[in-house]
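Structure record follows, encoded as structure tokens.
The values are calculated or read from the model by the stated rules, or taken from the named source; none is laboratory data. Just so it is clear, the model here is predicted, and its values are computed rather than measured. Here the Cβ is made from the backbone with ideal geometry for all residues, glycine too, and neighbour counts use every protein chain on show. In case anyone asks, the SASA skips ligands and DNA or RNA and just uses the protein heavy atoms, side chains included. Shrake-Rupley method; radii C 1.70, N 1.55, O 1.52, S 1.80 Å.
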Amino acid sequence: MKKYFIVFILLTIISWGKICGSKLFTFSVPNNEKISLISILKEISLNSCNINIVYDDFLAKSKLNTIKVSGIRVKNYSFLQILDLLITNNNFFYNIKHNILHISYIKTKTFIIDYIPSTRSGNANFSASSSGSSDSSNSTTSSSSSDENSVNSEYKFDFWSTLAENLNNILNSDSEYKASLPIIDKNAGLVTVTATKKQLLKIQSYINKLNTRLHKQIMIDVRIYEVHLKKGKQTGINWSNLNISLGSTDSPESTPLRSANIVGSSSIFSKSLFNVSGLLNFLATQGNVNSVSNPKIVALNNQKAIISVGDTINYNSLIKASYVDQAGNTQPAEYTNKSEFIGILLDITPEISESGNIILRINPTVSSFRDRTQLNNPNRKDLPPDTSENKMSTVVRIKDGDTLVLGGLITSQNSLQENGVPVLKEIPVVKYLFSSKTQISDKVELVFVVTPHIVKENKKITIKDLGY
């Protein structure tokens with residue numbers, strides 16, 4: 001190395017200490033000259049501080065030899081400050097132990113991610129078509145001429161597989177160093193990465209943000225009401241008759257729910273006050289109101305919460321019909337047990353945005369019997385029950401603590417009501433003279449009231465917060 005390119009002025013302030021800690025260095029490298037980084041390190045470490053250099057991986061020495069330094073001026077820098085300037089800023093690791101300077105280009109680091117080692121998946125598909133009659137012999141091609149509207153709600157959340165793919169993309173977003181695939185132990189929640197300093201810093205930043213978002217929680221208050229519609233309300237609840245209370249609770253101002261008041265900068269919802277009692281009073285004007293369920297559930301950010309209210313109907317499904325074998329013996333039919341859920345199914349996926357708003361993906365499904373009396377029909381024991389389904393799918397954004405009201409899912413409940421004279425209506429033959437049966441059809445609209453709350457990390461959830 002040419003001595004006149006680098007001028008060292010050693011200023012000894014205190015007596016000799018560890019890692020050359022009592023010395024300050026001043027040197028410069030002109031703009032028109034280039035000095036290898038490794039030669040400067042050797043000059044300072046070996047000749048000035050008597051510290052040996054060890055390269056911990058095969059890339060460290062070759063990379064250091066290729067780096068040339070020019071146009072720098074250092075004045076009164078400590079030994080560690082110079083190492084930070086020359087080693088850390090050039091994407092190398094270093095540490096000093098027992099008067100040995102260890103330099104490495106790649107390093108292995110293990111990160112902790114607290115998450116359950118499981119995969120969640122599901123699918124909901126519903127459609128409505130408006131096509132003419134088709135020839136069953138050509139059913140594979142007739143669908144091309146039909147007009148079909150469909151909504152498919154499908155999710156599969158495999159956190160650890162997605163994480164591995166994302167980490168690999170982050171590591172190898174540039175061609176500086178081709179890092180190997182991360183080692184992921186999902187049962188222990190550990191991710192081990194071998195990479196350069198810049199790559200590890202990117203991974204560290206990503207995992208820090210990931211842990212912060214993963215561990216956010218949302219408490220969802222769900223109220224489900226069924227409104228047995230009056231005879232004059234058979235088409236559903238007339239929401240245009242709902243008035244919104246504006247202003248303070250002491251002097252509220254009633255404003256009708258009209259389209260002109262819903263959108264725009266003067267939207268009534270920006271200053272409205274939601275009141276459950278007021279909603280129930282309004283629903284009571286439309287029919288008889290019953291509370292079906294009022295669950296409260298806490299969910300992690302971006303994790304699906306599922307609420308179901310109903311019955312599971314078990315039935316036998318025919319696998320193989322009875323037959324006569326070659327020996328002339330009749331073999332019995334074979335059945336398998338199956339089940340079908342009838343009732344209300346609500347799945348909600350909450351997401352907290354960077355601005356603090358809440359995005360809700362909501363998919364309510366209501367299933368009911370077409371005819372409840374079919375359960376008592378002995379001729380249907382081998383067939384699944386006939387059911388009807390009403391579904392809805394929506395994505396909304398609301399503020400923390402705001403309330404979302406969903407309505408419009410109307411079902412018809414058919415039942416058979418028996419009337420008659422006590423005792424006499426139970427006597428065979430005579431019962432027909434003293435009893436009657438009436439087919440009752442009831443229109444029911446379900447109303448979902450959903451209120452999400454972001455759970456603060458420094459605040460404990462109390463019974464009062466849960467609405468009790």
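Per-structure values
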quantity: Gyration tensor verdict on region 62-110 (Cα atoms; rounded if a/c is under 1.5, prolate if a/b is larger than b/c, oblate otherwise); calculated: oblate
quantity: Residue 68 paired with residue 169, simple spin-label distance in nm, labels 7 Å along Cα-to-beta-carbon; calculated: 3.8
quantity: Accessible area (Å², per residue) of region 317-377, counting only protein heavy atoms and a probe of 1.4 Å; calculated: 57
quantity: Sequence-distant residues sharing a close amide H with residue 275 (under 5 Å, placed H); calculated: none
quantity: In order through region 207-224: 3J(HN,Hα) via Karplus (6.51 cos²θ - 1.76 cosθ + 1.60), integer Hz, x for Gly, Pro; calculated: 5, 4, 5, 4, 4, 5, 6, 5, 8, 6, 10, 10, 9, 10, 9, 10, 10, 10
quantity: Cross-link pairs beyond the 31 Å C-alpha cut-off, checked among 63/109; 42/107; 34/198; 197/304; 202/296; 97/197; calculated: 197/304; 202/296
quantity: Mean Cα-pair separation over length for region 61-122, i.e. relative contact order, pairs under 8 Å, 6 or more apart, %; calculated: 18
quantity: Förster-model FRET efficiency, 56 Å R0, residue 397 and residue 338, C-beta, rounded to 0.05; calculated: 0.90
quantity: Residues residue 22 and residue 306, FRET efficiency given R0 of 45 Å [Cβ-Cβ distance, rounded to 0.05]; calculated: 0.10
